[in-house]
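Below is one structure; the comments refer to it alone.
The values are calculated or read from the model by the stated rules, or taken from the named source; none is laboratory data. This is a predicted model, so every value here is computed, not measured. All Cβ positions, even for glycine, are placed from backbone atoms using ideal geometry, and neighbour counts span all protein chains on display.
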């Protein structure tokens with residue numbers, strides 16, 4: 001096995017593999033950041049057994065979250081330049097010894113990202129360090145801030161995570177640190193309360209001094225892999241969108257004009273033909289986002305027409321009374337980004 005250290009940037013637990021030049025990374029106006037586990041790949045590294053199983057898997061054996069590879073390929077196809085790489089970074093708590101397998105899996109999927117962050121987790125396979133296997137806040141915050149230094153001063157980021165960890169908290173705290181919505185003393189108090197190690201705290205605060213005062217976070221998608229109540233995420237503001245499946249992500253991306261109508265229907269068809277989704281599940285996914293006030297009425301009209309034209313939504317289909325009421329009522333929306341988030345009380 002090749003020594004991964006020769007190709008990696010090592011800063012404590014955070015191991016970074018860069019696949020494009022710094023010049024290319026610094027030019028991207030919009031960057032996607034994807035938590036690999038349970039968001040792109042259907043893996044479980046939150047237990048010792050799950051970590052060992054993931055390490056042993058070959059690249060072709062790794063399974064995608066339904067529709068995730070299709071969605072990323074669609075985003076790549078919609079990009080405006082001809083560069084072979086795509087402004088996408090992956091973050092995973094998998095150990096860096098897996099980098100070659102994961103990169104090979106991404107190549108199978110037709111994806112060449114800008115880079116990937118790994119966690120040096122094998123050293124935590126000791127009785128007195130087992131807790132560190134699942135403590136991700138310090139690791140991910142450090143990775144995000146290291147990445148922020150490499151990007152444009154006014155970059156926008158769209159972040160993907162899941163509910164098996166604390167990704168919504170991490171991404172929102174990252175946003176608050178970058179924009180200085182919370183001061184240094186509060187940052188230190190929060191990090192300590194969230195079990196971030198003293199070493200990680202020092203690195204995070206040092207990195208903070210090197211980034212511009214600007215909020216790079218445009219939107220946060222959270223895959224509800226463990227069925228957390230989506231209402232929990234209201235405290236993070238309307239910018240944070242919890243979703244049950246990739247089609248719901250596609251619906252919101254289409255509303256934001258980031259993917260085409262062809263991509264939207266393509267995601268639905270992949271889920272139906274490749275992952276045994278029924279058309280009823282697709283329709284429920286649409287109604288669920290309407291009832292949670294994520295889709296606006298204008299977008300719904302367009303989406304319904306597209307789905308009908310592609311025979312995914314029957315022409316005679318009528319929304320439930322609850323959905324019709326919401327579509328016909330003016331809605332008071334949540335704040336896009338709350339001025340104050342309660343990070344320490346995790347009511348789920």
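Which of the numbered conditions does residue 334 fail, given that it passes all the others? Conditions: (1) modelled with pLDDT of 90 or more; (2) surrounded by 11 or more Cβ atoms within 10 Å (Cβ to Cβ); (3) within 26 Å of the chain's Cα centre (by Cα).
All conditions pass for residue 334, except number (1).
Out of 273, 305, report the one residue that is loosely packed, with under 13 Cβ neighbours inside 10 Å and over 28 Å from residue 64 (Cα atoms).
On the way: 273 fails: over 28 Å from residue 64 (Cα atoms).
Selected residue: 305, the only one of 273, 305 that is loosely packed, with under 13 Cβ neighbours inside 10 Å and over 28 Å from residue 64 (Cα atoms).
Please list, ordered by residue number, the helices (runs of 4 or more DSSP H) wholly in segment 209-313 having 1 or more residues that are within 22 Å of the chain's Cα centre (by Cα), closer than 20 Å to residue 72 by Cα and modelled with pLDDT under 95.
On the way: elements: 246-255, 261-274, 279-291, 297-309.
Where helices (runs of 4 or more DSSP H) fall fully within segment 209-313 and carry at least 1 residues being within 22 Å of the chain's Cα centre (by Cα), closer than 20 Å to residue 72 by Cα and modelled with pLDDT under 95, they are 261-274.
Residue 165 passes all but one of (1) modelled with pLDDT under 90; (2) in a loop (DSSP other than H, G, I, E, B); (3) surrounded by fewer than 22 Cβ atoms within 10 Å (Cβ to Cβ); which number fails?
Result: residue 165 passes all but (3).
Residue 254: crowded, with 19+ Cβ neighbours inside 10 Å, out of contact with any strand residue (DSSP E or B) (no Cβ under 8 Å at 6 or more places or on another chain) and farther than 24 Å from residue 32 by Cα, yes or no?
Values: crowded, with 19+ Cβ neighbours inside 10 Å: yes; out of contact with any strand residue (DSSP E or B) (no Cβ under 8 Å at 6 or more places or on another chain): yes; farther than 24 Å from residue 32 by Cα: no.
It is false that residue 254 is crowded, with 19+ Cβ neighbours inside 10 Å, out of contact with any strand residue (DSSP E or B) (no Cβ under 8 Å at 6 or more places or on another chain) and farther than 24 Å from residue 32 by Cα.
Picking from 184, 217, which residue would you name as being in contact with a strand residue (DSSP E or B) (Cβ under 7 Å, 6 or more places away or on another chain) and in the same structural domain as residue 170 (by TED's automatic domain parsing)? Even if it seems obvious, please write down each step before you answer.
Values: 184 fails: in contact with a strand residue (DSSP E or B) (Cβ under 7 Å, 6 or more places away or on another chain).
When all the criteria are applied, what remains is 217.
In segment 171-190, which residue that is farther than 28 Å from residue 41 by Cβ and within 21 Å of the chain's Cα centre (by Cα) is surrounded by the most Cβ atoms within 10 Å (Cβ to Cβ)? Working first, answer last.
Here is the first cut: in segment 171-190, the ones farther than 28 Å from residue 41 by Cβ are 176, 179-190.
Narrowing further to those that are within 21 Å of the chain's Cα centre (by Cα): 176, 179.
Details: 176: 22, 179: 15.
Here the residue is 176.
Considering each residue of segment 20-30, count those that are in contact with a helix residue (DSSP H, G or I) (Cβ under 8 Å, 6 or more places away or on another chain) and surrounded by 15 or more Cβ atoms within 10 Å (Cβ to Cβ), and give that number.
Applying the first criterion (in contact with a helix residue (DSSP H, G or I) (Cβ under 8 Å, 6 or more places away or on another chain)) to segment 20-30 yields 22, 25-26.
With surrounded by 15 or more Cβ atoms within 10 Å (Cβ to Cβ) added as a condition, the list becomes 25.
Residues in segment 20-30 being in contact with a helix residue (DSSP H, G or I) (Cβ under 8 Å, 6 or more places away or on another chain) and surrounded by 15 or more Cβ atoms within 10 Å (Cβ to Cβ): 1 in total.
As an exercise: evaluate residue 322 against (1) part of a loop (DSSP other than H, G, I, E, B); (2) free of Cβ contacts under 8 Å to residues at least 60 places away in the same chain; (3) exposed (fewer than 15 other Cβ atoms within 10 Å of the Cβ) and give the number of the one condition it does not meet.
(1)
Criterion first (at pLDDT below 95 and touching a helix residue (DSSP H, G or I) at 6+ places or on another chain (Cβ under 6 Å)) does residue 182 satisfy it?
Working: at pLDDT below 95: yes; touching a helix residue (DSSP H, G or I) at 6+ places or on another chain (Cβ under 6 Å): yes.
For residue 182, the condition - at pLDDT below 95 and touching a helix residue (DSSP H, G or I) at 6+ places or on another chain (Cβ under 6 Å) - is met.
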